[in-house]
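To start, the structure itself, in structure tokens.
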Amino acid sequence: MQTYRKGSRAERELIDYFSGKGYSVIRAAGSGVNSLSPDILAFKHGMQFAFESKAIERDNLNIDRDQFTNLQGWEANTGITCYIAWRRRGRQWRFVPLSLFSESEKSFGISWKKAEMGGKELGEFS
């Protein structure tokens, strides 16, 4: 239950930020329960983004193969760019495009260092 609360708190933080920047924001029903769609959708003047939110402290982020391929399919079907929004305690959010993740047998993963180098910062979406 603690993990769910931590995740929903991180999602609300992103929703508040994007709403404050003038985006229309939707939190997906079932967010944190199923892996059929991203957690958050944000729209503003023709810009559209999808975010799967992860608040994980490890040096590497691994996303289950099924969830990741669902996100890839969702992105391909909608044409909306999907990012993994990853935050670690005491660090800023990093928004990582799906293309930066490396595939393994059971999951798709990325290191925090690679996410910092290749991902976007929160301010890049304002």
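The values are calculated or read from the model by the stated rules, or taken from the named source; none is laboratory data. Please read these numbers as outputs of a predicted model, since none were measured by experiment. Glycine gets a Cβ as well: all are built from the backbone with ideal geometry, and neighbour counts include every protein chain shown.
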I'd like to check something: does segment 75-84 contain any residue that is over 17 Å from E52 (Cα atoms), loosely packed, with under 15 Cβ neighbours inside 10 Å and aliphatic (A, V, I, L, M)? no
For segment 85-117, name all the residues that are under 20 Å from L71 (Cα atoms) and either of a type in the set (S, T, N, Q) or surrounded by fewer than 15 Cβ atoms within 10 Å (Cβ to Cβ) (or both). P97, S99, S102, E103, S104, E105, K106, S107, S111
Okay, strands (runs of 3 or more DSSP E) sitting entirely in segment 1-63 with 2 or more residues that are surrounded by 13 or more Cβ atoms within 10 Å (Cβ to Cβ), modelled with pLDDT of 95 or more and among the aromatic types (F, W, Y), I get 47-55
